[in-house]
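Here is the structure we will look at, set down as structure tokens.
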Amino acid sequence: MYAVVKTGGKQIRVEPGARVRVEQLAGEIGSSIEFDQVLLVGGGESVKIGTPVVEGARVSGTITAQGRHPKIRVFKMKRRKGYRRLQGHRQSYTEVQVNSIDD
């Protein structure tokens with residue numbers, strides 16, 4: 001069984017037992033979390049597609065880590081103009097262990 005959930009402005013496909021990294025969510029490590037914006041639930045031959053969400057569907061999980069992705073560098077330059085800009089960015093994430101999908 002799998003599901004597609006919406007969190008942090010993104011859509012993520014999850015399965016029970018999988019660990020996924022999502023945009024940072026509030027919560028302590030070890031606390032439980034529920035995603036109630038489930039867009040699709042599938043498994044076997046049956047697929048439920050929401051309009052826009054599947055009614056009564058929930059994905060529950062446990063927060064396993066809070067961290068930050070590696071730094072990326074954004075460099076802008078215009079040749080022969082003396083224009084250079086260097087900017088860094090590190091995105092925060094929450095790692096979630098998916099426990100169950102209820103439809």
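On the basis of being closer than 14 Å to Gln97 by Cβ and either small (Gly, Ala, Ser) or loosely packed, with under 15 Cβ neighbours inside 10 Å (or both), does Ala3 make the cut?
no
Considering only region 46-55, how many residues are of a type outside the set (Val, Ile, Thr) and either over 22 Å from the mean Cα position of the chain (by Cα) or surrounded by 11 or more Cβ atoms within 10 Å (Cβ to Cβ) (or both)?
Final tally of qualifying residues: 3.
Does Glu55 qualify as being part of a strand (DSSP E or B) and of a type in the set (Asp, Glu)?
Spelling it out, it is not the case that Glu55 is part of a strand (DSSP E or B) and of a type in the set (Asp, Glu).
Taking only pairs six or more apart or across chains, which ones have beta-carbon atoms under 9 Å, a first residue in region 1-18 that is without any contact (Cβ under 8 Å) to a residue 24 or more places away in the chain, and a second residue that is part of a loop (DSSP other than H, G, I, E, B)?
From residues that are without any contact (Cβ under 8 Å) to a residue 24 or more places away in the chain, the pairs are Gly8/Gln24; Gly8/Leu25.
Read through the list (1) exposed (fewer than 13 other Cβ atoms within 10 Å of the Cβ); (2) under 16 Å from Val4 (Cα atoms), then give the number of the only condition that Leu40 fails.
Looking at each condition in turn, Leu40 falls short on (1).
Would you mind listing the strands (runs of 3 or more DSSP E) fully within region 63-103 where at least 3 residues are over 17 Å from Glu28 (Cα atoms), among the hydrophobic types (A, V, I, L, M, F, W, C) and more than 13 Å from the chain's Cα centre (by Cα)?
Here the list reads 72-78.
Considering only residues that are more than 13 Å from Asn99 (Cβ to Cβ) and assigned to a strand (DSSP E or B), which ones fall in region 6-37?
Within region 6-37, Lys6, Thr7, Lys10, Gln11, Ile12, Arg13, Arg21, Val22, Glu23 meet the criteria.
FYI, it's all coordinate maths here, none of it is from the lab. These numbers were taken from a predicted model, which means no experiment stands behind them. Every residue, glycine among them, receives a Cβ derived from its backbone with ideal geometry; neighbour counts consider all protein chains shown.
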